[in-house]
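Below: one structure, written as structure tokens.
The values are calculated or read from the model by the stated rules, or taken from the named source; none is laboratory data. Everything numeric here is computed off the predicted structure, so don't read it as measured data. Don't worry about glycine lacking a Cβ; one is built from the backbone with ideal geometry, like all the others, and counts go over all protein chains shown. Please note that ligands, DNA and RNA were not included when accessible areas were found on the heavy atoms of the full protein model with its side chains. Shrake-Rupley method; radii C 1.70, N 1.55, O 1.52, S 1.80 Å.
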Number of protein chains: 2
Amino acid sequence: TTKNNNDQVSNQGHPNLILTKAGVEKIKSQLGSIPIFDKTLQTTKEDIDAEIALGIDVPIPKDFSGGYTHARHKRNFLILQKAGALFQILEEEKYAVYVRDMLMAYAKLYPTLPVHPQTRSYARGKIFWQCLNDSNWLVYTAQAYDCIYEWLSEEERHVLENELFIPFANFISEENPQFFNRVHNHSTWGNVAVGMIALVMDHDELLEKALNGLKTDNLKAGMKDNDGGFIKVEGQKVGFLANVDEPFSPDGYYTEGPYYQRYAMYPFLIFAEALHHVKPELKIFEYKEGVLLKSVNALINLSDADGEFFPLNDGQKGMSYYSRELVTAVDIAYHFGGNNPELLSIAKKQDRVLLDDAGLAVALGIKEGKDKPFEKKSINLSDGPNGDQGGVGVLRSEDLELVFKYAGQGLSHGHYDKLSFSLYEDGEEVIQDYGLVRFVNIEQKGGGNYLKENKTWAKQTIAHNTVIQNETSHFEGKYEVGSKHHSELHFYDDINSQVQIVSAKETNAYPGTQMLRTFAIIHDKDFEKPFILDILQVNSDNENQYDLPYYYLGQIMKANFQYTVLPELKPLGNSNGYQHLWKEATGKPSSHNSKFSWLNKGNFYTITTISDAQDDLIMARTGAKDPDFNLRREPSLIIRRHAQNTVFASVIESHGNYNPVSEFAVNTYSSISNLKVIYNDENYTAIQIEDVSKKVKVLLLANKDASKLSEHILKIEDKEYKWTGPYNYKLKSE
Amino acid sequence: TTKNNNDQVSNQGHPNLILTKAGVEKIKSQLGSIPIFDKTLQTTKEDIDAEIALGIDVPIPKDFSGGYTHARHKRNFLILQKAGALFQILEEEKYAVYVRDMLMAYAKLYPTLPVHPQTRSYARGKIFWQCLNDSNWLVYTAQAYDCIYEWLSEEERHVLENELFIPFANFISEENPQFFNRVHNHSTWGNVAVGMIALVMDHDELLEKALNGLKTDNLKAGMKDNDGGFIKVEGQKVGFLANVDEPFSPDGYYTEGPYYQRYAMYPFLIFAEALHHVKPELKIFEYKEGVLLKSVNALINLSDADGEFFPLNDGQKGMSYYSRELVTAVDIAYHFGGNNPELLSIAKKQDRVLLDDAGLAVALGIKEGKDKPFEKKSINLSDGPNGDQGGVGVLRSEDLELVFKYAGQGLSHGHYDKLSFSLYEDGEEVIQDYGLVRFVNIEQKGGGNYLKENKTWAKQTIAHNTVIQNETSHFEGKYEVGSKHHSELHFYDDINSQVQIVSAKETNAYPGTQMLRTFAIIHDKDFEKPFILDILQVNSDNENQYDLPYYYLGQIMKANFQYTVLPELKPLGNSNGYQHLWKEATGKPSSHNSKFSWLNKGNFYTITTISDAQDDLIMARTGAKDPDFNLRREPSLIIRRHAQNTVFASVIESHGNYNPVSEFAVNTYSSISNLKVIYNDENYTAIQIEDVSKKVKVLLLANKDASKLSEHILKIEDKEYKWTGPYNYKLKSE
Ligand SMILES: [Ca+2]
Ligand SMILES: [Ca+2]
Ligand SMILES: [Ca+2]
Ligand SMILES: [Mg+2]
Ligand SMILES: [Mg+2]
Ligand SMILES: [Mg+2]
Ligand SMILES: [Mg+2]
């Protein structure tokens, strides 16, 4: 191995991308006295030393995302980045040698590669089956290159840049404009990959492409990728800055949803850190009023009590703020975003930090005991570049979390699920959103890629807890149409911790039909736990069939209505997702309130819903027309009603518990004795809630006037109600 | 309230049942310095003080086990027992007053009560719907009475004994001989209830009934209870001692299985402690070579890594050694059974102790750091009073636990599941036993009682991982027949930790058919984890249809055979449990090895089984003909074969894992490349296992000769194998 002489140290030199010369000096001076950093460093050293012992493997690309060559190349770039950091921090040359030798192996291989043999992608890579993964590779290896830049000879740098990095950057940009010139998480990775290597190489032309996209791309408007997303939208700005502008709302909500936001956070924030270091004049962390830092806060708030992200749109369940991307996000947000002590409590749970200046700052903060609990409260996050395309509301009370989606389409990973919701208790799903149909990186399941049931089931409206009209998905399941529309916030109010409430309208999902859905989570001392009011007003030009499913999880305890289980099971319908539901049982209301109780993970739940005598109450389960067993088998209660204008009004209670060790069953019954719509027209809806102790409450809603200042007077059954603002909850006798 | 004067203290006086005068003095002298005892005392005091504040409620009996009056009376007896102990330990009179007042309320109510209005039981109680629960009540209140005995006036004692305790004891014995004069966990409770109150009252006649049963009962042989169990068996001894003799094997295995053993442990051990205190001359802890203490060890060994009992026979999942009965069992076994330090580690996990001498001993042991980990190893437990009626083997290796049942019928809670098994990894079910169909104490579900699907599904053979011949359960599902038979151990060997093995025969389940099943768990360095060999030889006088189900839990990843999912679902059959299975898909082997992989809780599993080309491979799921949704929806792979004599030979592997946060999938494929039966006749079976690295091993089994000393010579394909003992596992080339 060659010994290189690059002894001069300056702030203009390398590393300067993520690690900096000054940062490295500071880290070295603290080593051994910063527990979480020291521990991460030790773990990293053990991992990388083991890899070095195994030797370098740069196989000829062949496999999909579940296969060997994919996994090996992915591992390689993760290791390279870490080995580079170890070289800087530990000053052991073996790490530099390892990085160089592996990069040289890639420099030898890369020019020989055709596009990847797997043909499924709209933008095939060379190392991986899609340019997206090639971009991942470059984002990480650029950091490794920066760390050994000065240690390398000029000749070696020349080889790496000309044989590997520049052709690589050109391939994923100029040669794949359909990948690079978009607003999409794919393009973000592409832009950042090119931008990172440009910063290391001080290559202005590549940096310009990274920030602002390719000047010309010869793409046709209306082209789509293999997920069905638009590639070119007329007039669309492109490049990294456009990818910050477009998908993030001013609140930091990322329109594809938290699972993809998590994936995108890494390139957004790592490149922001690099730009901050190398091009401080761009003031990237202040861009769009600091949206990149806000987005970290938004993302953490879009997780349940365990830190698992709500699976809005295409989201794989289980992904959480324990992921490596969120370690990056939290550390960078802490260091560059004003040292919010609540972020330290998340970092403490993550129990590892970045091996850089940001990670050092977090480690020091934790060491000094500055952390405070991250208190997730109710939050309303707008969607759309200007925050005016609907949004997502999360109502929180005690252990309950209700997620209400009234956002835009969410690009190609969006689902047709306007006004849908899901409910969690203490980090467990109570009423679930199905999530995606994919087993990421599990080769046996379609190469680890999206499975066809993602389109035929997961994206369809019937897969969601919202209204389906005439067994057709919102916007007829047409992406072109859905992308043009979004729901509208009616009002959101979390100031009163006793009654937190969100209300939104959807008028485009079914032309001629208006839907207004309001969720309130009510902390009422007459109930054991907060309960949820779900009021959905549907008004239409025509009579329709409306289906409203509740994808509860758990086992049925009791229904107060008669139902018949079917001796043979048939699918509930033929298309739009209905073909994937087995119809297990069907019932008719026995009274004007239908009650349905279930037990899940030791808690009892009851839905009490106001029924029309003609409603059908259908028990269904996923799994029909599923030739490869790609779907989970999970239940649903579907309320089916034929009407023109109607109100679906329900209370969802969590009550009591069962302990299989003590065998005690506590508070196993609903506390609602009578639920009634006492008023409903275009302007107002009023719901009366009577509990088992005979106390009667009313919730009054103004359906049109969302002003907090408006005064309302409404006469119902000889009683005059007066209130201010869009809603009021009170004892009826008050 | 009356102040009583009973100042004389003597060891002949009260308390002497569970707490003793000497014990109480010792406890008082240690209070404040024995953390786990102090903590339990504090928690208990808080609970009881809260109850005292709420006031006494002794409602008129009305409900089944899930209802209010049931829950209230149950709570009452648990509280009474604790309040009595608090009075002794804390010397606060309010506890004595509370116990007295509540007992007086019962003394007032009891004489007015008819039998309980719910009519389902074969032995209706007065306080509860069955004498069983009335007996629970008396076992606990006898302890409370003992604690305030001396504090009460003679007059008060007279009222309590003549209005309440003696009539109560007579009711559950003389007036319910069908309940009292049996060998059954019900009778154990009845015997102990009468025995406990007899010891407090020093009532020899009642004690004699408790120990040896009623002299005359006028019961007819062949009578059955409402679970289908025999009430009278000709020549059967009865009473407490008979209930120790009969259901416990010499190894301490309780024939009903661990769920009921746990339930029965409390009366067995609390009465043993009381007899030890009051009638030490009976030497009860030495009875039947110390079987009561051995049974605690057996029971702990019949739990998974989380302490949850294997659900053999009727067992509710989730019940564990954290239950109050096991706190009693562990503390008593520690104190009266030689201070085994491994029991202290269980007590430490339980984090509470009995408030008596035994609990004090445990608390002191823990305080002094004497605890050692309870290491669960492989174990073989015989069944039957003399240990010659089959048994249960548990093979353990690393995180895997395989439970093999080749026992007797298990009384009325037994299932028809000869040679069935279940598999666990790290406390999670991998291949499950369904357990019971009941929601204990949940009123909505049939009053908390056994549901009809317990008989039609859970007890049937098809609900188990064993062979079903011609769609008929073992012994035709006839309790009278099953009760006469048991499987026979062929051999068990856990001396070699690399190859642990158990083998048993069943010749009565299907007359004319012999089944020999062998499980080996093999720790082989060529595999990531230990793997399981499952070899089932079936020989019959006739050709039959054999079904062998595997109730795996999790989601299907891949099968190497062609299968077709059904567009509409029908039950797999009409009776014997088959009516409860939906047939989801059916396939045919594509090669001589069929492979089936699934993912469960982050681990991958594969069954590789040797197939005949004509086999059907059926994917089924529970839930058909289930009008009240009493069944869970869970999957099964069923191997169906038509043959006269055949061998089912399979390898079950746990391999690799998937992490939804890192999204890394590791070792997702089976390591078995070829599985073959290379020899099979009446005397020998030999299986050849080739792995993906081309290494070939053989397992040789002697089917008739279980002697460890016998030498075997067997020629297979020109190769001569020589070994000693009933099995041998080796490299083929060796
Ligand atoms: Ca969704
Ligand atoms: Ca969770
Ligand atoms: Ca378990
Ligand atoms: Mg969805
Ligand atoms: Mg969660
Ligand atoms: Mg069973
Ligand atoms: Mg467990």
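For A:GLU205 and A:GLU25, FRET efficiency with R0 = 35 Å and r from the beta-carbon atoms, rounded to 0.05?
0.60
If each of A:ASP705 and A:ASN542 carries a label point 7 Å out from its Cα toward its Cβ, how far apart are those two points in nm?
Here the answer is 3.5 nm between the modelled labels.
Could you let me know the centre-to-centre spacing of segment B:682-734 and segment A:408-479, using Cα atoms, in angstrom?
Going from one Cα centre to the other spans 53 Å.
Could you grab the relative contact order for chain B? Cα pairs under 8 Å, six or more apart, rounded to a whole percent.
8 percent
Using the Cα atoms of the protein assembly as shown to build a convex hull, what is its mean projected area in square nanometres?
Averaged projected area of the protein assembly as shown's Cα convex hull equals 58.5 nm².
Can you work out ³J(HN,Hα) from phi for every residue in segment A:496-507, in order, using Karplus 6.51 cos²θ - 1.76 cosθ + 1.60 and θ = phi - 60°, giving whole Hz and x for Gly and Pro?
Here the 3J(HN,Hα) series is 8, 5, 7, 9, 9, 8, 9, 9, 8, 10, 9, 10 Hz.
Where a Cα-Cα gap under 14 Å defines reach, which aspartates and glutamates qualify for B:LYS478, not counting those fewer than 8 residues away within the same chain?
B:ASP227, B:ASP417
Measure out, as a whole number of angstrom, how far apart the alpha-carbon centroids of segment B:87-106 and segment A:187-212 sit.
Here the two parts' Cα centres lie 80 Å apart.
Using r as the Cβ-Cβ distance of A:LYS601 and A:ASN339, and R0 as 51 Å, what FRET efficiency do you calculate, to the nearest 0.05?
With R0 = 51 Å, the Cβ-Cβ based efficiency is 0.85.
Take A:ASP245, project a point 7 Å from its Cα along the Cβ direction, then tell me which residues of segment A:279-293 have their backbone nitrogen under 19 Å from it.
Within reach of a label on A:ASP245, which here means backbone N under 19 Å from a point 7 Å along Cα→Cβ, segment A:279-293 contributes A:282-293.
Can you pull the one-decimal nm distance between simple spin-label points at B:LYS367 and A:THR119, each 7 Å off the Cα toward Cβ?
7.9 nm
For A:LYS715, list the aspartates and glutamates whose Cα falls under 19 Å from its own Cα; do not include residues on the same chain fewer than 8 positions away.
Partners within reach: A:ASP681, A:GLU682, A:ASP705, A:GLU734.
Over 31 Å apart: what share of the alpha carbon pairs of segment A:56-246 falls there, rounded to a whole percent?
Distances greater than 31 Å cover 16 percent of the Cα pairs.
What lysines does A:LYS21 reach when the alpha-carbon gap must be under 26 Å and sequence neighbours fewer than 8 apart in one chain are set aside?
Output for A:LYS21: A:LYS3, A:LYS39, A:LYS45, A:LYS82, A:LYS94, A:LYS279, A:LYS283, A:LYS367.
Provide the FRET efficiency to the nearest 0.05 for the A:ASN657-B:ALA105 pair, computing r from the beta carbons and using R0 = 30 Å.
0.55
Given a 1.4 Å probe and heavy atoms of the protein chains only, how would you sort B:LEU709, A:LEU569, largest accessible area at the top?
I get B:LEU709, A:LEU569, largest accessible area first.
Report, please, the projected area of segment A:219-302 averaged over directions, based on the convex hull of its C-alpha atoms, in nm².
If you wrap the Cα atoms of segment A:219-302 in a convex hull and average its projections, you get 6.3 nm².
Within segment B:541-583, which residues have the backbone N less than 13 Å from the label spot 7 Å out from B:GLU682 along Cα→beta-carbon, could you tell me?
Answer for this model: B:541.
Tell me, which residues of segment A:414-446 get at least 10 Å² less accessible area when the other protein chains come in, versus the chain alone (1.4 Å probe)?
The answer is A:PHE439, A:VAL440, A:ASN441, A:ILE442, A:GLU443, A:GLN444, A:LYS445.
Ignoring ligands and nucleic acids, what accessible area does A:ILE379 show with a 1.4 Å probe (Å², nearest 10)?
My reading of the accessible area for A:ILE379 is about 30 Å².
Given the Cα-Cα distance of A:LEU566 and A:ASN226 and 0.36 nm per residue of separation, how much length would full extension add, in nm?
118.5 nm
Report ³J(HN,Hα) in whole Hz for each residue of segment A:66-75, in order, from the Karplus equation J = 6.51 cos²θ - 1.76 cosθ + 1.60 where θ = phi - 60°; Gly and Pro get x.
x, x, 4, 5, 4, 5, 5, 5, 5, 4
What does the average come to when, for each residue of peptide B:622-630, you count the partner chain Cβ atoms lying within 10 Å of its Cβ?
Per residue, the average neighbour count from other chains is 5.
Can you list the copy-to-copy distances for A:ASN659, using a point 7 angstrom from Cα toward Cβ, in nanometres, shortest first?
In nanometres, ordered from closest: 3.4.
Counting each DSSP H run of 4 or more residues in chain B as -39500 (n - 2.57), what helix-only mean residue ellipticity at 222 nm follows after dividing by all residues, to the nearest 500 deg cm²/dmol?
That calculation yields -9000 deg cm²/dmol at 222 nm.
Just tell me how shielded B:552-561 is by partners: mean number of partner chain Cβ atoms within 10 Å of each residue's Cβ, no decimals.
3
So how do A:HIS642, A:HIS486 rank on accessible area, 1.4 Å probe, biggest first, that is with the largest at the start?
From most accessible down to least: A:HIS642, A:HIS486.
Which log10 I(q)/I(0) values does segment A:27-159 give at q = 0.14 Å⁻¹ under the Debye formula, counting every alpha carbon as one identical point scatterer?
-0.66
For chain A, just the Cα atoms, rotate onto the principal axes and tell me the three extents in Å, largest first.
Computed over chain A, the largest-to-smallest principal extents equal 91, 53, 53 Å.
How far, in nm to one decimal, is B:ASN226 from itself in the other copies if the label point is set 7 angstrom along Cα toward Cβ? Shortest first, please.
Ordered by increasing distance: 6.3 nm.
So how far apart, in nm, are the two label points at B:SER575 and A:HIS523 if each is 7 Å from Cα heading toward Cβ?
6.0 nm
Under the 0.36 nm per residue contour assumption, what length would be gained going from the current alpha-carbon distance of B:VAL692 and B:VAL666 to full extension?
7.8 nm
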